[in-house]
Amino acid sequence: MPSTFIDTHCHLTDEPLFSRLPQVISRARQLLVTEIVVPAYDLPSSFAAARLAATHEDISFGVGIHPGWLENKTFPESALRDAVIELKPAAIGEVGLDYALDHFDPELQDQALERQLELAEDFNLPVIIHCRKAFQPLYDRLKHFPGVTGVLHAFNGGPDFAEKFLELGYFLAFGGGVTRPNARKIRKTALMVPADRVVLETDAPYIGSHTVPKSEMEPAVIPLIARAFAELRGWTLEEAACRTTDNARRLFKLPAMKKTGENE
Ligand SMILES: [Zn+2]
C-alpha cells in the first residue's frame, strides 16, 4: 500500500474551507492525504480546531496565539493555559514573531512567545512556529528553551538560519513556496534540510502554490507539493510521502496507524 501524506498546517476552521469541509476532506483522502493538523491563532480558533478534531479522528490541532492577533490586546495567559488543559492539543501554535506586520510591538510578541514556549515545556508539546523577518530574535528566544522543539512552518529564513534551527532540533515545513521556480531561498533550504526533519503543509487558505491560487488551496494539494520537493531532492514521490509522514508523526507524536475510514 502506498504511503499516505499528512498536511501539517491547514486552517480548516477558516473559510472557504470550513463550509466545504466534507468535500475538502474527501478530496484529500482520495489523494491519500489522510491526516491534517489544524493550527490556531487565537482562543476562538483554538476551540474551533478542537471541535473539528473531536469529530474527525484524522484531524489533530494546536492551541495558541499568533503574533498577528496581539496588536493592542492583552495576552490571555491564564485562559490559554486553561484551554491547553481542557482541550489537550497535539501542539502549541501557531505562535512566533512577525516583524512584517504593519504595526508590531517586538516586546509584546516576544513576551507572548516566551509564555507559550513555557506552556509547551510544561505540557511537553511541540510548537508550531510562525516567523517573518525576525529569525535572529526568534533564534535568541528558542535557544532558551532547549527542552522544546517543534516546526518552523512556511520557513523562508534561508539555509543559514535553517542550520541553526535544525541544531535546536526543529523540523522545517515546506508548502506552496517550494513549487515556485523563483522561490530561491526556499528551494535552497529544501536542498539542505535533512531527510528526517522535513514535513509538508499547505497553510490553506493563506498561501498558494505555483499553479494553485490561495483561494483554492486545500490539503489535496499536498501531493503536488510533495512532487515538487521530491523532484528537487531526486526522491521518488513515494519516498517523499513516506519520509514526510513519518517525520510528522514523530513531530506531533501522532499514533502510528490512525484509522482513515476509506483506507482500511
Ligand atoms: Zn498558518
### Task
Report, in deg cm²/dmol and to the nearest 500, the calculated mean residue ellipticity at 222 nm for the chain, where each DSSP H run with n ≥ 4 adds -39500 (n - 2.57) and the sum is divided by the residue count.
-12500 deg cm²/dmol
#### Entry: Pairs beyond 23 Å (Cα-Cα), from Lys88/Lys253; Lys133/Lys185; Lys164/Lys185; Lys214/Lys253; Lys133/Lys253
Lys214/Lys253; Lys133/Lys253
### Message
Could you identify which residue out of Pro205, Pro213, Pro126 has the top mean-square fluctuation in a GNM of the chain using Cα springs shorter than 10 Å?
### Response
Pro213
### Message
For the chain, set up a GNM with springs between Cα atoms under 10 Å and report which of Thr55, Thr211, Thr179 has the largest fluctuation.
### Response
Thr55
### Query
Roughly how many nanometres apart are two label points built 7 Å out from the Cα toward the Cβ at Asp246 and Leu31?
2.4
### Task
Give a residue-ordered list of calculated ³J(HN,Hα) values for segment 114-120 (Karplus: 6.51 cos²θ - 1.76 cosθ + 1.60, θ = phi - 60°; whole Hz; x for Gly, Pro).
4, 4, 7, 5, 4, 4, 4
### Query
Lys/Arg Cβ at +1, Asp/Glu Cβ at -1, dipole of the chain taken about the Cα centre: which of Leu119, Val33, Ser60 is farthest positive-ward?
Val33
#### Entry: For segment 123-131, Karplus couplings with θ = phi - 60° (6.51, -1.76, 1.60), whole Hz, Gly/Pro x
9, 6, 10, x, 10, 9, 9, 9, 8
### Overall Cα dimensions of segment 5-252, principal axis frame, Å, largest first
45, 41, 33
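How much net charge surrounds Val221 when only other residues with a Cβ under 11 Å from its Cβ are counted (Lys, Arg +1; Asp, Glu -1)?
-2
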### Task
Could you work out the longest stretch of the chain that avoids the trypsin sites (Lys or Arg not before Pro) located in DSSP loops with at most 11 other Cβ atoms within 10 Å?
74-258
### Ranked list, fewest to most other Cβ atoms within 10 Å of each Cβ, for Glu167, Glu201, Glu35
Glu167, Glu35, Glu201
### Task
Rank these for me by crowding, His9, His130, His210, His103, going from fewest to most other beta carbons within 10 Å.
His103, His210, His130, His9
### Query
Out of Leu152, Leu191, Val95, whose Cα points farthest toward the positive end of the dipole of segment 81-198 (charges: +1 Lys, Arg; -1 Asp, Glu; placed on Cβ)?
Leu191
### Task
Enumerate the amide H contacts of Glu35 below 5 Å, restricted to partners 5 or more residues apart or on another chain; note that Pro and chain-start residues carry no placed amide H.
Phe5, Asp7
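All of the numbers you see were taken from the coordinates with simple rules; none came from a lab. Just so you know, these numbers come straight off a predicted model, no measurement behind them. Every residue, glycine as well, gets a Cβ built from its backbone with ideal geometry; the counts of neighbours run over all protein chains shown.
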